[in-house]
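Accompanying notes for the structure given below.
A short reminder: the numbers here are calculations on the coordinates, not readings from a lab. These numbers come from a predicted model, not from an experiment. Note that we place each Cβ from the backbone using ideal geometry, even for glycine, and neighbour counts take in every protein chain shown.
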Amino acid sequence: MVSEKKFKISINDRTCKRCGICIAFCPKKVFSSENGKPVVVNLDACTKCKLCELRCPDYAIVVGGEEDEQ
Amino acid sequence: MGERMEIRLSGSGGQGLILAGIILAEAAILDGKNAVQSQSYGPEARGGASRAEVIISESSIDYPKVTKPDILLALTEEALMKYKDNLKPDGVIIIDSSIKKPELPVKIISLPIIETAQNRTGKVIVANIVALGALTTATKIVSKESTEKAVMDRVPKGTEELNKKALYSGFELGESL
Amino acid sequence: MRKELEKYFRTEKLPHIWCPGCSHGILTGAVVRAIDNLKLDQKKICIVSGIGCSSRAPGYLNFYTLHTTHGRALAFATGIKLANPDLKVIVLTGDGDCAAIGGNHFIHAARRNIDITTIVFNNSIYGMTSGQYSPMTPKGSYATTAPYGNIDRNFDLCKLAQSAGATYVARGTVYHIPQLIKIIEKALQHKGFSLVDAVSICPTYFGRKNKMGSPVKMMEFIRDVSIPIKSAEKLSKEELAGKILIGEFYEEQAPEYTEEYAKVIEKSQEGD
Amino acid sequence: MSSKARLMQGNEACVEGAIAAGMRFYAGYPITPSTEIAELSAEMLPKVGGKFIQMEDEIASMGAVIGASLTGLKAMTATSGPGFSLKQENIGFASLTEVPCVIVNVQRGGPSTGLPTLPAQGDVMQARWGTHGDHPIIVLSPSYVKEVYELTIRAFNLSEKYRVPCILLMDEVVAHMREKVELPDPSTIKIINRKKPDPSIVNYEPYRDYDGDGIPPMASFGEGIPFHVTGLIHDVTGFPSTNAKVTEALITRLMKKIYDNLDDIVDYECISVEDAETVIISFGSTARSVLRAVHLMRQEGHKIGMIRLKTIWPFAYKAIQNLSSAVKNLIVAEMNFGQLVETVRASAGGRFEVSGLNKFNGELITPDEVIAKVKEVMGRA
C-alpha cells in the first residue's frame with residue numbers, strides 16, 4: 001500500500017522485544033501484530049501523536065518524516 | 001627518663017577539673033616542658049567521681065597514664081576515697097577543707113578552695129581555677145606566669161577578670177603554706 | 001531511536017537488560033526526553049542509582065553515572081551535590097531500593113531539601129532478585145516471599161516525601177507518558193528536593209505472580225485505576241480504594257541545602 | 001608561619017592533619033570516642049571553603065564521602081567500632097571503584113555497643129577484612145598526638161596515590177589525650193594528589209592502567225568527561241562484566257597495586273632490636289606502654305627491643321623476616337583477645353616463639369604488665 005503521508009514510522013527489529021504495547025495503545029490502530037512483531041499497516045491513520053514512540057520500552061520506534069530526522 | 005611528674009585532679013563531674021588539667025598541661029608547655037593530659041570520659045564525667053590526669057616531664061613522655069601520682073588534688077570526699085591510695089611515697093595530697101583530713105602515710109594539705117571561690121569571687125564555679133592556683137604555688141610544678149597565661153588563653157571571653165581573681169586567690173592559698 | 005536523543009544514551013550498550021514489556025525502559029526514555037526538552041547541559045548532569053532493575057538505568061545513559069550500593073543512592077548523591085552544587089543530580093531508584101533499604105536516606109534527603117531530583121521506578125516488586133514484596137507492594141498482592149498474599153501495608157511515597165520535607169512531589173505512570181515527562185521536567189527545574197513516584201510495571205514477576213497477564217494488560221490496569229488528584233477530591237474513601245492518584249501533589253519554594261551551606265561558609269569566614 | 005608548641009588532643013590533630021592534607025569534605029555521624037573529629041571539622045572546613053555534613057547514619061556518611069571524592073574533593077569520615085561495622089559496605093565499594101577516601105576509626109571496647117568511652121584495639125581484623133570479598137586496604141595506626149597529625153596526612157597521601165580507602169586506626173587513648181605538638185610549617189608538608197587523566201587521552205576509560213603502574217588516572221564528575229562507576233565487577237571501561245578473565249585481572253590489579261608497593265606503604269619503627277633476645281610488637285597507644293617497659297628493662301640489662309607498627313595493613317612482613325636469629329621470643333602486645341598475633345605468627349614461620357600479651361577490659365596495657373609478660377616468656381626459654 002502506497003501511503004499519502006510524507007513521513008514514515010521506523011521500527012528497529014534488533015531492539016524490539018515484541019511486548020505489544022505500541023500495537024495495543026495506538027489510538028488509531030496503525031500497527032498490526034505479526035507473531036508479536038509490530039508492523040505498520042495503517043500509516044494514513046497516524047496523527048503523529050508519538051505515543052507509540054514514547055511508550056516503547058526499547059526505543060525501537062521512531063515516528064517521523066524527513067523533516068523530523070534533520 | 002627524668003623528672004616525670006604525675007598529677008591527678010579529682011572531684012565531681014561539673015567542677016571543671018578537666019579544664020584545670022588542660023590549663024595545667026598548657027602551663028607546663030609554656031614552661032618549655034612536655035605534657036600529656038587525659039581524663040575520664042562518659043557517664044563518669046557527668047556527676048560521680050571525675051578525674052583529669054596530667055603528666056609533666058622534661059623529656060618525652062611514653063606511657064601516657066598516671067599510675068602513681070606525685071600530686072593528687074581532691075575536691076570531694078568521694079574522689080579522695082577513690083584515688084587516695086597508690087601515691088608515690090613522697091607524694092602530696094591537696095584536699096578542700098570541707099573534707100575531713102584522713103590518716104594517710106603521705107603529706108596532706110588542706111586548703112579552703114571552695115570557700116575561697118565563694119568568698120573572694122562570689123562564684124563557686126571557679127573553684128577549679130582557685131585549686132589550680134593553689135596547686136601551682138604549693139607544689140611549684142609550673143610557674144605562676146605560665147599558669148596565668150594558660151588560664152587567660154583558655155577561659156571563655158568575658159570571664160577573664162573573674163578567673164584572674166580566682167587564680168590570684170588560689171596563688172595566695174598555696175603561698176600561705 | 002530518535003537521532004537527537006542518541007547523544008544521551010550509550011547506544012552501544014543497547015538493547016538493555018530489561019525484560020520484554022518492562023516499563024523501566026519507558027521511564028528511562030521519559031527522563032532523557034525531559035532533559036532534552038529542557039535543553040539541560042549534558043556535561044553538568046550526574047545520574048546516581050542504587051541496586052535493582054531500576055538502578056541499571058544509568059549504565060545506558062551518557063552522563064556522569066554512578067551505580068552505588070543497595071539503597072544508598074541518595075547518600076552518594078548528597079555527597080556529590082554538596083561537594084559540587086553546579087551539578088544537576090538525578091537519582092534513579094526503585095521502590096525497594098528507595099523505600100525499604102534506602103528509606104532513611106530518602107526521608108533525610110527530603111528533610112534537608114537538597115537539590116536532587118529522585119525518580120522512583122515503582123513497579124511494586126523486587127525484580128532483580130526475582131519477585132519479593134517491597135514496601136510498595138499493595139496489601140493482598142502475591143510475591144515469592146508472600147505466597148499467601150502480602151499482609152504488609154504499603155507506603156504512599158508521595159505522602160511520606162511531603163511530610164519529610166520534599167518541596168516538589170508528584171506521581172505519574174508509564175501509561176500517562178506525556179504527563180509524566182512534563183512532571184519530570186518540572187521536578188528537574190525545581191530547586192530543592194523533588195520526588196517523582198513513577199508507577200511502572202513488572203510483567204515478569206509482579207504480573208505473573210498476580211495473574212495480571214501481558215504487559216498490555218498491566219498497562220490497561222494502570223490506565224483504568226489511575227485518577228487525577230483533582231477528580232479524586234470528589235470521591236469517597238471507598239471509591240478511592242485501589243486507585244492510583246496521579247498528578248502534582250505538592251510544590252513549595254524553600255531554602256535549599258547547598259545554598260544554605262554556602263551561607264555557612266560565608267559566615268565562618270566573616271572577620272577573617 | 002612559624003611552628004609553635006601547643007597542647008592538642010588526638011582527635012584535634014586528626015582534623016588539623018586532614019585539612020593540611022587537603023581535606024575539603026567531611027561526612028559523619030556522632031559516635032564516641034570520635035565525635036570531636038566531626039565537631040572540629042564542622043567548625044574548620046567552611047573556613048577553608050570545604051564542606052561538612054552530618055548524615056543520617058554511618059552508611060550514608062560513607063556514601064557521601066565517596067560521592068564527594070568522585071567530584072574531586074578529598075574526603076574523610078570518622079567513626080568508632082559500631083559505626084565502622086556499618087561503613088564496611090561502602091568501604092568495599094570504594095575499594096572496588098578505587099575512590100580515594102580516609103576513614104578514621106577511633107577504636108573502643110567491643111563487641112557491639114561494648115565500652116563506648118574506653119579504649120581497645122579490637123578492630124585490627126575488621127579494618128583488614130571488614131567488608132566482603134577480596135579487596136585492597138591500607139591501615140595506619142598512630143601512637144602519639146603528633147603522629148596522629150602526621151599519619152592523617154599520610155593516610156590522605158596514600159589514599160590519593162593508590163586510589164584506595166585508607167583507614168586511620170586510632171584508639172580512645174590517643175584520640176582523647178592532649179599532648180604537646182609542634183605543627184610543621186604547611187609549606188614543608190608533602191602532599192600527594194590523585195593522578196588525573198592526560199588531556200591528550202581520547203575516549204578516556206576510567207579503569208585502564210594507562211601508565212602500567214596499576215593505578216588508573218581518575219577523572220572527576222563535573223570535569224566534562226562522562227564516565228560510569230559501578231560497584232559491580234567491571235572492565236577497563238567501567239561497565240559491568242562477569243567475564244572470568246576480566247574479573248581476575250581486576251582483582252589482581254587491585255591487590256597488586258598495594259602488594260607491589262610495600263616498601264612505600266609499610267612503615268614501622270624498630271627500637272633496640274639489634275641485640276634483642278625478646279622483641280615486642282605493638283602499635284597505637286599500647287606501644288607507649290611497651291616503650292616504657294623496654295626502657296625500664298634495658299636499664300636492668302635485659303636484651304629487649306620493640307617494633308612499633310605505624311602501618312598495620314599491609315602487614316610489615318619484612319620487619320619480622322629481617323629479625324636476627326639472636327631473637328628468641330616475639331611478643332605481640334595488643335588491646336584485644338589476640339588478633340595481630342596470628343599474622344605475626346604466620347610471618348615468623350616457626351623461626352621465633354610468638355606469644356600474645358592481650359588485655360580486653362577497657363584499660364590500657366601497663367608497662368608493669370609488659371615487664372611481667374617478658375619475664376614470663378624469658379623464664380620459659
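When Rg and the Kirkwood radius Rh are both evaluated on Cα atoms of chain B, their ratio Rg/Rh stands at 0.93. For the stretch C:16-269, the relative contact order is 19 percent, taking Cα pairs closer than 8 Å that sit 6 or more residues apart in sequence and dividing their mean separation by the residue count. Rounded to the nearest 0.05, what FRET efficiency do B:Glu115 and D:Ser324 have when you use their Cβ-Cβ distance and R0 = 56 Å? In this case the efficiency is close to 0.30. From least to most packed, judged by other beta carbons within 10 angstrom and beginning with the fewest, C:Val174, A:Val41, D:Val370 follow the order A:Val41, D:Val370, C:Val174. Legend: residue pairs A:Lys6/A:Lys48; B:Lys144/B:Lys165; B:Lys123/B:Lys157; D:Lys47/D:Lys87, Cα-Cα distance threshold 19 Å; pairs beyond threshold, D:Lys47/D:Lys87. Database remark: amide H of D:His234 closer than 5 angstrom to the amide H of D:Ser241 (H placed geometrically; neighbours at sequence offset of 5 or more, or on other chains; Pro and chain starts carry no H). Here's the picture: charge each Lys and Arg Cβ at +1 and each Asp and Glu Cβ at -1 in the stretch D:230-381, and of D:Val377, D:Gly301, D:Trp313 the one pushed furthest to the positive end of that dipole is D:Val377.
The value of relative contact order for chain D, using C-alpha pairs under 8 Å at least six residues apart, is 16 percent.
Straight-line reach from C:Lys7: which lysines fall under 16 Å, measuring Cα to Cα and dropping same-chain residues less than 8 apart? Answer for C:Lys7, where 16 Å is the Cα cut-off: C:Lys39, C:Lys43, C:Lys44, listed by chain and number. Compute the long axis of helix D:81-97 from its Cα atoms, compare it with the longest principal axis of the Cα atoms of chain D, and write down the angle in degrees, 0 to 90, nearest 10. Value to nearest ten degrees: 50.
Computed about the Cα centre, the dipole magnitude for chain D is approximately 420 debye when only Lys and Arg (+1) and Asp and Glu (-1) carry charge, each at its Cβ. Each residue of the stretch A:50-58 is assigned a 3J(HN,Hα), and the resulting list reads 6, 4, 4, 5, 5, 8, 6, x, 10 Hz, derived from the Karplus form 6.51 cos²θ - 1.76 cosθ + 1.60 (θ = phi - 60°), x at Gly and Pro. For the stretch A:9-69, the gyration tensor built on C-alpha atoms gives an oblate shape. Its axis ratio a/c (a ≥ b ≥ c) is at least 1.5, and a/b is not larger than b/c.
Computed from label points 7 Å out along Cα-Cβ, the spacing between D:Thr247 and B:Glu58 is 6.6 nm. Sparsely packed loop sites in the stretch D:192-283 (the chymotrypsin sites (Phe, Trp or Tyr not before Pro) outside DSSP H, G, I, E and B with at most 16 other Cβ atoms within 10 Å) comprise D:Tyr210. Distances between placed amide hydrogens fall under 5 Å for B:Ser110 paired with B:Ile95, all partners being 5 or more residues away or on another chain.
The mean number of Cβ atoms from other chains found within 10 Å of a Cβ in peptide B:62-70 is 6, as a whole number.
Note on chain D: Cα-Cα pairs beyond 32 Å make up 34% of the total pair count. The trypsin sites (Lys or Arg not before Pro) of the stretch C:38-143 that meet both conditions, a loop assignment by DSSP and at most 11 other Cβ atoms within 10 Å of the site Cβ, are C:Lys39. Annotation note: chymotrypsin sites (Phe, Trp or Tyr not before Pro) in the stretch C:142-246 located in DSSP loop regions with a Cβ neighbour count of at most 12 within 10 Å are C:Tyr148.
Note on D:His132/D:Tyr317: beta-carbon distance plugged into 1/(1 + (r/R0)^6) with R0 of 30 Å gives a FRET efficiency of 0.75. Between C:Lys267 and D:Ala348, the modelled labels are 5.7 nm apart [label points 7 Å from Cα along Cα→Cβ].
So if the hydrodynamic radius of the stretch C:16-269 is defined as the Kirkwood radius over C-alpha pairs, what does Stokes-Einstein give as its diffusion coefficient at 10 °C and 1.306 mPa s, in µm² per second? In µm²/s, the coefficient is 87. Once backbone amide H atoms are built at 1.01 Å from N, C:Phe249 has C:Val169, C:Ala170, C:Arg171 as its partners under 5 Å, excluding neighbours fewer than 5 places away on the same chain. With Cα atoms defining each centre, the stretch A:1-59 and the stretch C:124-140 are spaced 32 Å apart in the structure. The Cα atoms of the stretch B:104-176 define a convex hull whose projected area, averaged across directions, is 5.0 nm². Computed across the protein assembly as shown, the Kirkwood hydrodynamic radius from all distinct Cα-Cα pairs reaches 30.9 Å. Counting other Cβ atoms within 10 Å as a rough exposure proxy, the listed residues D:Asp264, C:Asp197 run D:Asp264, C:Asp197 from fewest neighbours to most. Going from the fewest other Cβ atoms within 10 Å to the most, the residues B:Ser38, D:Ser241, D:Ser324 appear in the order D:Ser324, D:Ser241, B:Ser38. The slack between C:Lys44 and C:Asp224, meaning 0.36 nm per residue of separation minus the straight C-alpha distance, is 60.9 nm. Using θ = phi - 60° in the Karplus curve 6.51 cos²θ - 1.76 cosθ + 1.60, the 3J(HN,Hα) couplings for the stretch B:141-153 round to 5, 9, 7, 4, 4, 5, 4, 4, 5, 5, 4, 5, 6 Hz; x is entered for Gly and Pro. Distance between the pseudo-spin-label points of D:Glu269 and A:Lys6 (7 Å out from Cα toward the beta carbon): 8.4 nm. For the stretch D:212-229, putting each phi into the Karplus relation 6.51 cos²θ - 1.76 cosθ + 1.60 with θ = phi - 60° gives couplings of x, 9, x, 10, x, x, 10, 7, 10, 4, x, 8, x, 9, x, 8, 10, 10 Hz, in residue order, rounded to whole numbers and with x for Gly and Pro.
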